[in-house]
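The values are calculated or read from the model by the stated rules, or taken from the named source; none is laboratory data. The structure presented is a predicted model; accordingly, all values stated were derived computationally and were not measured. Using ideal geometry, Cβ is built from the backbone for each residue, glycine included, and neighbour counts are taken over all protein chains shown.
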2 protein chains.
Amino acid sequence: MKKELPKIADSEWRVMQVLWERGPQTANDVVNALSSGVKWKPRTIKTLISRLVKKGAIKVTDEGYRYRYSAAVKESACIRSETKSFVRRVYKGAMTPALAAFLEDADLSVEEIDELQEILDQKKGG
Amino acid sequence: MKKELPKIADSEWRVMQVLWERGPQTANDVVNALSSGVKWKPRTIKTLISRLVKKGAIKVTDEGYRYRYSAAVKESACIRSETKSFVRRVYKGAMTPALAAFLEDADLSVEEIDELQEILDQKKGG
DNA sequence: GACAGATGACTACATTTGTAATATATCATC
DNA sequence: GATGATATATTACAAATGTAGTCATCTGTC
């Protein structure tokens with residue numbers, strides 16, 4: 001019984017990330033959280049919030065004279081879904097070539113490489 | 001002096017992939033190449049081609065009574081650009097966490113893991 | 001309890017995308 | 001050179017997206 005994930009557009013991701021990182025927030029909190037990163041008018045951010053509410057990605061709690069917003073979908077699920085759609089589009093769904101290309105193209109430090117190899121080792125072990 | 005890559009939409013990727021894989025094609029060739037994979041009307045595919053031409057992603061050669069279309073942008077560049085935008089959106093630009101999540105989430109065979117480790121080894125070596 | 005300021009609701013509007021249909025130009029054939 | 005088949009060009013149209021503005025309402029303050 002898995003829920004259908006609403007499709008989250010580019011700009012909307014920014015808003016969701018605020019909620020995932022900081023938990024329930026008022027509209028104004030979100031605006032403040034984003035103010036340093038984007039050049040949107042507060043109105044624009046309110047609009048994005050409304051759309052996400054309508055899509056079911058955000059749920060609202062009535063606090064009397066205003067709302068508090070919180071994520072209604074899990075970050076990990078959204079990431080997985082976006083990733084799958086990205087791999088489908090760009091690599092025709094072929095995960096391993098996608099990974100290989102990612103790895104080859106990435107600019108990684110030795111530490112980062114070790115970390116990734118660790119992950120691979122564990123996958124092999126398990 | 002790097003060229004600006006046009007933004008290639010989801011459906012348009014399918015068309016570009018045909019041209020990247022098969023080289024210059026007539027509109028009809030593209031339609032045929034896609035016929036097994038998608039349920040679009042030929043008209044729809046022609047529209048996608050036109051849009052890609054207008055965007056500068058495809059160039060046309062006049063063959064007298066029809067055109068032959070070929071990719072005007074390199075596949076590798078488009079993949080890189082899409083990847084970067086994906087990582088920016090979903091992982092806020094943090095490549096290593098993106099890779100780690102990819103790897104952890106992927107369902108890989110031992111052979112595939114070996115292949116990826118090979119790549120990592122070489123990166124470390126180089 | 002009238003008013004300024006905060007908040008949310010509704011409305012706006014151009015662009016892009018998905019998905020095509022109609023109209024026009026051209027070629028190949030009789 | 002008229003006709004049917006092809007190919008391209010032009011047009012359509014709704015939904016999603018980016019980016020806001022205006023209107024109505026609630027709230028706390030004097």
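A few remarks follow.
- Criterion (out of contact with any strand residue (DSSP E or B) (no Cβ under 9 Å at 6 or more places or on another chain), at pLDDT 90 or above, farther than 14 Å from B:Ala98 by Cα and not in a helix (DSSP H, G or I)) met by exactly one of A:Val90, A:Val60, A:Val38: A:Val38
- Residue tally, condition within 17 Å of B:Val90 (Cα to Cα) and more than 7 Å from chain B (Cβ to nearest Cβ), over segment A:87-126: 3
- All conditions but one from (1) more than 9 Å from chain B (Cβ to nearest Cβ); (2) closer than 13 Å to B:Ile79 by Cβ apply to A:Lys84; the one that does not is (2).
- Restricted to segment B:27-51, and to residues there that are more than 15 Å from B:Ala9 (Cα to Cα) and polar (S, T, N, Q), the residue that is surrounded by the fewest Cβ atoms within 10 Å (Cβ to Cβ) is B:Ser36.
- Residue in segment B:89-112 that is within 15 Å of DNA strand D (Cβ to nearest atom) and either within 25 Å of B:Gln17 (Cα to Cα) or under 19 Å from the mean Cα position of the chain (by Cα) (or both) present: yes
- Residue check, A:Lys54 assigned by TED's automatic domain parsing to the domain that holds A:Gly23, loosely packed, with under 13 Cβ neighbours inside 10 Å and part of a helix (DSSP H, G or I): yes
- Just so you know, in segment A:23-54 the residues that are more than 9 Å from DNA strand D (Cβ to nearest atom) and within 14 Å of chain B (Cβ to nearest Cβ) include one that is farthest from the chain's Cα centre (by Cα), and it is A:Ser36.
Residue-wise test of (1) in contact with a helix residue (DSSP H, G or I) (Cβ under 7 Å, 6 or more places away or on another chain); (2) within 16 Å of DNA strand C (Cβ to nearest atom); (3) assigned to a helix (DSSP H, G or I).
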| site | (1), (2), (3) |
| --- | --- |
| A:Ser11 | yes, yes, yes |
| A:Gln17 | no, no, yes |
| A:Arg80 | yes, no, yes |
| A:Leu108 | yes, no, no |
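- Filtered by the rule that a residue be out of contact with any strand residue (DSSP E or B) (no Cβ under 7 Å at 6 or more places or on another chain) and buried (at least 16 other Cβ atoms within 10 Å of the Cβ), segment B:12-26 gives B:Glu12, B:Trp13, B:Arg14, B:Val15, B:Gln17.
- Test result for A:Lys46, without any contact (Cβ under 8 Å) to a residue 24 or more places away in the chain and in contact with a Phe, Trp or Tyr (Cβ under 9 Å, 6 or more places away or on another chain): no
- Meets criteria (of a type in the set (A, V, I, L, M, F, W, C) and farther than 30 Å from B:Asp114 by Cα) for A:Leu48: yes
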